[in-house]
Amino acid sequence: MDMRSPLARLRPTLTALLSFLWAFSFGALREFVGADLRQGMMDLRGLSRVTRGLIYLGFGLLFLMVALLLFNDLWRARFALHPLLSGTPGRGSLIPEALIPATLFLLTMAWSFALTGALHSHPVIRLGVLTLYALSLLQWMASVLGISGPGDLLLLWGSLAAVLLLFGLRWRAAPHPPLEFVALLLPVSIAFTLIQANGVAIDQSSGIPLGLHTLHGNIIFYASLIFPLLLLVGMDIALFAYQAASWTTEIVQARLSRAIAALLLFLLLGWRLTTVLREALAQIAEDSFRATSLGYLGALGVPLLALLVCWGVRRLLPATTLLDAETLSEVAERYALPLILAYSLPLLMIFATLTLVKATLIFVHFPALYPSIRALSDFLFALSDRLHAGVDPWQVTLALLAVASAPWLARRGSQALALYLGLFGAHFLWLRATTPGYLLSALTWQGDAFVDFWWVLLLVGSASVWLRRGELTDDRVARLFLLTLLTGLLRQTNFIENPFSPFLAFAGIGFLAFGLIWDALTAGSWANVSTPSLPRSSRIFLYLGYVLLTVTVVNWALTTHDLTLVGRFTGAGALVGLDLFGRPLLYALLALALSQPAAHRREVEQGPPDDL
């Protein structure tokens, strides 16, 4: 008779169960997830120890600020609060005292990293970053012009001249990031230290937080400049969704039997089908049947366009050429930033124009120049209005060019880029055509449930047809499992549309913070490349400068409870990036996977390897 306690008798079973769970979960994560993350991380080998130390410092500041994004109320709980002139005390328009020097320090570091990275980059990047910094500093100088003494103004002008001189002296020299970073950090630090000191002097002399209000306006003015990175965060979230679905599928394939994997697939498909049908019935009950039907009809255009573009690109390929999902995602990730910059070009030009307007204010105390400044300001304001009016036509033109370039790219062998650009353009044009006030406004829909409904039906229909024909191979089971997971992950962004998320939860900011972290962890695909016009160290320093500037501005807006700006960063920034640039990639992956033949058929069609 076993005299051991029940717990002792169960201990071997519990140990075996825990060992199995550990091997299944953590072992699989280490095997699949860890390997992919290591491939995407920045490679610092070959850089000097001091250069690596500066890069670690930059990433340390980035991760610290991302953590503060999620727990931003710590600023307000631990430090004295100062009201803004444009805000009402008690309604959240209060700035923690410690946030001011911390923000100016981070701006100093961001500009120092960006200028160091630009110093040995392509001349266009070099002059662009230098011009932006010079105009930005002139804008800050103009805001404290009335209170600054001759000595402070001389130091401010001297700090700007020092940066310009360093760029001139090191224009053709060999890169030396540590020395150049320190040489640039000194004048940039002097400039922002004087700006803070003069802001405090303005508050003390006026008796009201006028300097604080000016500081707030200058920081928020950077919002347009960081907008492309926020769009890129949306693309990063789409790539993560695909990667997470791929990891889960690989774990299931490696750890579970074929029968259990197929059972999980049908359970997952059943759950997703039940979900979308319930949502459709709830939508009909909430709205009318006619309006709901028109919305679902409009949403049907999205998967149909994806399948049509995929079919068209594949028709232009040689018979033995097959697209694969990994190549498509890598190409889309590589060309997402240039596409986003092209999409944001009018907004960036508006930012540069308005920055130039604010920078000219530094010369208003010279009476002889006042007529010229006034004429230049009027011209720049008119130019800004024209650029603003041209944003929509430019974006439509870009989408048309993307669609038109797809056949040309496919014929030249760039099939992955052709598929992504073609679907980006077609998706954008369809969304625009079904927007209220446009040609097909009767087919307008809101929310992800409408498009998700059709993708789930396509997946269920494909699984049913392949099962009936006896063609549901292991490859197709894995493919359907991945795609079904992907459609489910795409539905997890609805909560971001709540503009009051900073008060009720940090859901929207959590989305943005995770996107920034994921981008930092996977930026190696771009940063590890080195070219004569953009060396590897320059890429890393430019990236750190831009992302530090972004997280600083977002943290300022969030901590001051600027709901309008926070809504732009989450809803109009990251979420728009996901909708316009991320979803076309995921839809292309869905269409590509559904239209591919089974694995054994691909092997037959491709024929034996050349070495046999």
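The values are calculated or read from the model by the stated rules, or taken from the named source; none is laboratory data. Everything quoted here is computed from the prediction, not taken from an experiment. A quick note on method: Cβ atoms are made from the backbone with ideal geometry, for glycine too, and the neighbour counts reach across all protein chains shown.
Residue selection: residue 230 fails the criterion of being in contact (Cβ under 8 Å) with a residue 60 or more places away in the chain, surrounded by fewer than 20 Cβ atoms within 10 Å (Cβ to Cβ) and assigned to a helix (DSSP H, G or I).
Evaluate the following for residue 285: is it over 22 Å from residue 478 (Cβ atoms) and either without any contact (Cβ under 8 Å) to a residue 12 or more places away in the chain or of a type in the set (S, T, N, Q) (or both)? When the stated conditions are applied, residue 285 passes them. Applying the set (1) touching a helix residue (DSSP H, G or I) at 6+ places or on another chain (Cβ under 6 Å); (2) under 22 Å from residue 534 (Cβ atoms); (3) aromatic (Phe, Trp, Tyr); (4) modelled with pLDDT under 90 to residue 192 leaves exactly one unmet item: (2). In region 438-465, the qualifying residues are those that are free of Cβ contacts under 8 Å to residues at least 12 places away in the same chain and in a helix (DSSP H, G or I), and the one that is nearest to residue 489 (Cα to Cα) is 461. Quick check, is residue 442 more than 22 Å from the chain's Cα centre (by Cα) and at pLDDT 90 or above? Answer is no for this residue. All told, residue 245 falls short of being touching a residue at least 60 places away in the same chain (Cβ under 8 Å), part of a helix (DSSP H, G or I), among the hydrophobic types (A, V, I, L, M, F, W, C) and surrounded by fewer than 20 Cβ atoms within 10 Å (Cβ to Cβ).
Those residues that are of a type in the set (A, V, I, L, M), touching a Leu at 6+ places or on another chain (Cβ under 9 Å) and more than 23 Å from residue 299 (Cα to Cα), I need them from region 386-400; list them, please. Correct list: 387, 391.
One line per residue, one yes/no per condition, for (1) among the aliphatic types (A, V, I, L, M); (2) farther than 29 Å from residue 481 by Cβ:
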site	(1), (2)
412	no, yes
423	yes, no
429	yes, yes
440	yes, yes
447	no, no
451	yes, no
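Tell me yes or no: at least one residue of region 302-315 is closer than 17 Å to residue 585 by Cβ and outside any helix (DSSP H, G or I). The answer is no, given that none of the residues of region 302-315 is closer than 17 Å to residue 585 by Cβ and outside any helix (DSSP H, G or I).
Please tell me if residue 559 is surrounded by 21 or more Cβ atoms within 10 Å (Cβ to Cβ), β-branched (Val, Ile, Thr) and over 26 Å from residue 47 (Cα atoms). Answer is yes for this residue. Scan region 412-443 for residues that are surrounded by fewer than 19 Cβ atoms within 10 Å (Cβ to Cβ) and among the polar types (S, T, N, Q) and the total you get is 3. Criterion applied to 334, 315, 255, 272 was being basic (Lys, Arg) and without any contact (Cβ under 8 Å) to a residue 12 or more places away in the chain, and the one residue passing it is 315. Residues considered: 411, 468. Of these, the only one that is farther than 25 Å from residue 241 by Cβ and touching a Leu at 6+ places or on another chain (Cβ under 8 Å) is 411.
Looking only at residues in region 528-547 that are among the aliphatic types (A, V, I, L, M) and crowded, with 24+ Cβ neighbours inside 10 Å, the one that is nearest to residue 42 (Cα to Cα) is 540.
Residue by residue, here is whether (1) modelled with pLDDT under 80; (2) closer than 24 Å to residue 579 by Cα; (3) surrounded by fewer than 18 Cβ atoms within 10 Å (Cβ to Cβ) holds:
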residue	(1), (2), (3)
338	no, yes, yes
343	no, yes, no
355	yes, no, no
371	yes, no, yes
376	yes, no, yes
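Scan region 288-300 and give yes if some residue there is under 30 Å from residue 409 (Cα atoms) and surrounded by 21 or more Cβ atoms within 10 Å (Cβ to Cβ), otherwise no. Yes, there is a match, as at least one residue in region 288-300 is under 30 Å from residue 409 (Cα atoms) and surrounded by 21 or more Cβ atoms within 10 Å (Cβ to Cβ). Restricted to region 41-78, and to residues there that are closer than 29 Å to residue 175 by Cα and among the polar types (S, T, N, Q), the residue that is modelled with the highest pLDDT is 51.
Right, residue 268: over 18 Å from residue 447 (Cα atoms), buried (at least 20 other Cβ atoms within 10 Å of the Cβ) and within 32 Å of the chain's Cα centre (by Cα) or not? The answer is no for residue 268.
Condition check ((1) in contact with a Leu (Cβ under 8 Å, 6 or more places away or on another chain); (2) modelled with pLDDT under 85; (3) of a type in the set (Asp, Glu)) across all residues:
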{"site": "569", "(1), (2), (3)": "yes, yes, no"}
{"site": "591", "(1), (2), (3)": "yes, no, no"}
{"site": "599", "(1), (2), (3)": "no, yes, no"}
{"site": "603", "(1), (2), (3)": "no, yes, yes"}
